[in-house]
Structure formats: structure tokens, C-alpha cells
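Take a look at the structure set out below.
Here, each number is a calculation from the coordinates, and none is a lab measurement. Since the model is a prediction, treat every value here as computed from it, not as a measurement. As a convention, Cβ positions derive from the backbone with ideal geometry for all residues, glycine included, and neighbour counts pool all protein chains shown.
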Amino acid sequence: MTLANGYPQGLLTRLPALAVRWRTSKLDDAVFAAQYFLVWQIATPDKPFASRQCKSDPRPDAAEWTAVIETAEGECLRIQLLDWLERYQFRGVIANVPAALAQWLRGAWPLVLREDIPKPLEVLRMQARGKRAVTVLTAWPRLREPVLNKPDAFAFFRHDLEHAYKFYHTPALYAGQRAFFTALEAAIDGGMFAAYCDDAEFVAKFHYLMSDMNTHPVHSMQYLRAILVEYYLRREQKNPVVSLSSKSERIIKSIMHAFEATALRVACA
């Protein structure tokens with residue numbers, strides 16, 4: 001294996017071949033996602049790609065890790081990937097990312113690996129059912145190009161895992177988020193927000209609420225009310241520091257009450 005500054009040359013170009021093993025069911029979603037993460041880390045030229053948490057552990061070796069990633073199979077591969085994710089820190093990556101991958105490898109978090117970017121409504125429906133999507137792009141050189149507002153496929157992948165951590169890591173918060181997303185799904189399907197879909201700014205922020213906001217449901221409710229207030233301020237052509245008309249305030253109050261009623265109905269169903 002040819003090395004440049006300790007890193008395998010062209011490692012990212014071999015991701016498509018690794019992806020074939022996943023698509024043909026030789027690797028499951030969690031194993032391939034962990035491999036994808038480590039390949040990107042190792043292929044990035046800035047050293048070190050990882051560091052020890054305990055001095056008694058061996059220093060991470062790019063060539064050795066790459067050989068395992070590309071040749072190991074079955075439970076031995078899963079155990080090794082999990083060991084690395086738990087025992088090492090990874091340069092430029094917040095700890096939530098390897099933690100989410102480790103939980104996925106254990107089978108504790110029902111993440112779904114995809115090669116496309118789901119639409120906001122699809123993400124909402126998945127979250128209402130307790131799942132989250134993680135997107136991997138493996139085509140070369142597409143994976144090095146921007147993905148939505150992220151600089152490359154790896155940044156987008158990490159972003160998905162950060163959201164997965166926020167969704168699953170606390171059982172009570174997970175249950176609250178699921179309840180909120182289930183209510184939001186029911187409200188959308190019932191046409192509660194249809195009248196607002198002609199406003200591009202509202203739609204963009206509503207999509208963010210659906211698919212890119214994993215927080216306490218109280219914060220989500222506050223955000224929903226805030227974007228409704230902004231919508232009516234635009235309708236009234238008012239500055240954000242100006243108060244809404246009493247009519248608009250009544251409409252927003254009515255919508256929020258209706259949404260809370262939907263949440264209660266869904267919770268009791």
C-alpha cells in the first residue's frame with residue numbers, strides 16, 4: 001500500500017468499491033457507516049487522524065487500520081470498529097459522532113443508511129416513527145463536492161450523526177421529540193399549515209423544524225410560534241420589533257391551541 005505522509009493515497013477513491021459490499025449485503029448499515037467514517041478520517045491529510053484516550057493503547061496507525069477496514073469481515077470487523085470508536089478520539093470531530101456510530105453498531109439506535117437526501121417531510125415521518133436517516137455519498141469525485149450547505153459528503157454525514165445523537169441519547173427527550181413530530185405530522189396531514197405554504201420564508205423555516213431541529217419539544221413549540229409570528233408580521237408589513245395586530249395574535253393563538261389539541265389526541269390514540 002502506497003503511503004503519503006502516513007496516509008493511504010487515493011483511499012477515498014476506493015469508497016465506491018467498499019459501498020458495493022454494503023449494497024450486496026456483505027456489510028450491514030452500521031458497519032459500512034463506521035467504515036465510511038474511518039476512511040474519511042484516515043484519508044484527510046492533516047495528522048493525526050485520531051489520538052489515544054489511554055496511553056496504554058497503541059497509537060493509531062493509518063495503514064494498519066485501513067487494512068482491517070478493507071479486509072476484515074463479520075463479527076470480528078464489528079468488534080474492531082466498535083473498539084476504535086470507543087477508545088480513540090478523532091481529530092476535528094465532536095464526540096457525539098463516534099458515540100452515535102457505536103450505538104448504531106450495538107443495534108441500540110435504529111438509524112437508516114441511505115444514498116439520497118430525504119425530503120423534510122420524509123425525515124419528519126421517520127422521526128415520528130422513531131428513526132433517523134444518515135446519508136452517505138460514495139461516488140468519486142461527487143463525495144468531495146458540496147452537499148446542500150455542507151462542504152462535502154463527510155461533513156453532511158457527520159451532521160446527520162450529530163442529529164441522531166440529539167434525537168436518541170436521552171430516553172425522555174427522545175420520547176418527547178417523537179410525540180412532537182407525530183403531532184406535527186398529523187397536523188400537516190390534516191391541512192393545519194396549508195395556508196402558509198405560499199410563503200417561501202415560512203416554508204424554509206418550517207422544513208427546518210420538521211427535519212433539522214432535534215431539541216426539547218418546548219423549544220420546538222416556541223420555534224413554531226415564532227415563525228408564525230414572523231409570517232403575520234410580513235403579512236402586515238411590520239418591523240419585527242412592532243407588535244402584531246390583535247387579529248393576527250388571535251389567529252396564532254387559535255393555531256397553537258389546535259396544534260396542542262392534535263398533540264393530545266395523538267398521545268391518547
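Just a few scattered comments:
- Using only alpha-carbon positions in the chain, the gyration tensor eigenvalues give semi-axes of 42, 19, 16 Å once each is multiplied by 5 and square-rooted (largest first).
- Treating each Cα of the stretch 61-156 as an identical point scatterer and summing with the Debye formula, the log10 of I(q)/I(0) at q = 0.11, 0.16, 0.17 Å⁻¹ comes to -0.41, -0.89, -1.00.
- Listing Ser254, Ser56, Ser211, Ser220 from fewest to most neighbouring C-beta atoms within 10 Å gives Ser56, Ser254, Ser220, Ser211.
- With K and R counted +1 and D and E -1, the other residues having a Cβ less than 15 Å from that of Ala164 yield a net charge of +4.
- Zero-based 5 Å bins, Cα pair distances in the stretch 172-268, whole percents: 2, 12, 24, 26, 19, 11, 5, 1, 0
- Residues whose amide H falls under 5 Å from that of Ala50, counting only those 5 or more places apart or on a different chain, are Arg91, with hydrogens built in the peptide plane.
- Phi-derived couplings, Karplus 6.51 cos²θ - 1.76 cosθ + 1.60 at θ = phi - 60°, listed residue by residue for the stretch 175-180: 5, x, 5, 4, 4, 5 Hz, with x used for Gly and Pro.
- Here each label is just a point 7 Å from Cα along the line to Cβ, and for Cys54 and His257 those points are 6.0 nm apart.
- Where Cα atoms sit under 22 Å apart: lysine pairs in the chain separated by 8 or more or lying on different chains: 14
- A simple spin-label model places the labels of Val203 and Thr170 3.4 nm from each other, with each point 7 Å out along Cα-to-Cβ.
- Charged-residue dipole, Cβ positions (Lys, Arg, Asp, Glu), the stretch 3-169 about Cα centre, Debye nearest 20: 360 debye
- Antiparallel content of DSSP bridges confined to the chain, in %, to 5: 60 percent
- The helix-based estimate of mean residue ellipticity at 222 nm for the chain, built from -39,500 (n - 2.57) per DSSP H run of four or more residues and divided by its residue count, is -19000 deg cm²/dmol to the nearest 500.
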